[in-house]
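Since the structure comes first, as structure tokens, the remarks are kept for the end.
The values are calculated or read from the model by the stated rules, or taken from the named source; none is laboratory data. Fair warning: this is a prediction, and the values are worked out from it, not measured in the lab. FYI the Cβ positions are ideal-geometry reconstructions off the backbone, even for glycines, and counts take in every protein chain you see. Each accessible area value is taken on the protein alone, full model and side chains, heavy atoms only, with ligands, DNA and RNA left out. Shrake-Rupley method; radii C 1.70, N 1.55, O 1.52, S 1.80 Å.
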Amino acid sequence: MPRSAISARRQGVPEPIRLMLRKRLERHAMARWEEHCRAIDVRFRGSFAYVDALPKNGWHLPDTPQETRDLIDATPTRLCRLGYLGSMDRWAFAFYKYSDEVYEPSFLPSGAFEGTPEEGFDCAAGVYLIA
């Protein structure tokens, strides 16, 4: 791992990068996924960005009470974790696994374990936002 990536992991994601990442993913999600996604949420902890989405047009059983529907619609879908590697265009990718509720380091469709934030979002959204 290059020295800049090791340093970035130790220091966490700088605030200017956090702001840029949020805006970049929001723009991408609304442009590419607007049919399936109504909003995204990005949380940070250390050198990681955790990306969730609020799906559009949630499906409910016909007799589901409105209060329960509202709760379901307000619950974000966990998508992925991006690991900051010292560059806005290079992030490690980990897919959220609902089976055991962990983020599993994964490869992207390109075959790489790291890529752009948009590649990570698209990979996870393609599984969780398309019903």
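Descriptive notes on the structure:
- Heavy-atom accessible area for residue 110, with the other protein chains in place and a 1.4 Å probe, reaches approximately 80 Å².
- Only protein heavy atoms count here; under a 1.4 Å probe, residue 54 has an accessible surface of about 40 Å².
- The H on the amide N of residue 38, modeled in the peptide plane, is under 5 Å from the matching H of 54, 56, each at least 5 residues off or on a different chain.
- Taken per residue, the accessible surface of the chain reaches 60 Å², heavy atoms only and a 1.4 Å probe.
- Sulfur and carbon atoms: percent of accessible area, segment 59-131 [1.4 Å]: 58 percent
- Lys, Arg +1 and Asp, Glu -1 on Cβ, resulting dipole of the chain about Cα centre, debye, nearest 20: 700 debye
- Heavy-atom accessible surface of residue 97, to the nearest 10 Å², is about 60 Å², with a 1.4 Å probe and all protein chains retained.
- Taking all Cα pairs closer than 8 Å and separated by 6 or more residues, the relative contact order of the chain comes to 22 percent.
- Taking only the C-alpha atoms of the chain, the Rg (one decimal) and the largest Cα-Cα distance, Dmax (whole number), read 15.6, 56 Å.
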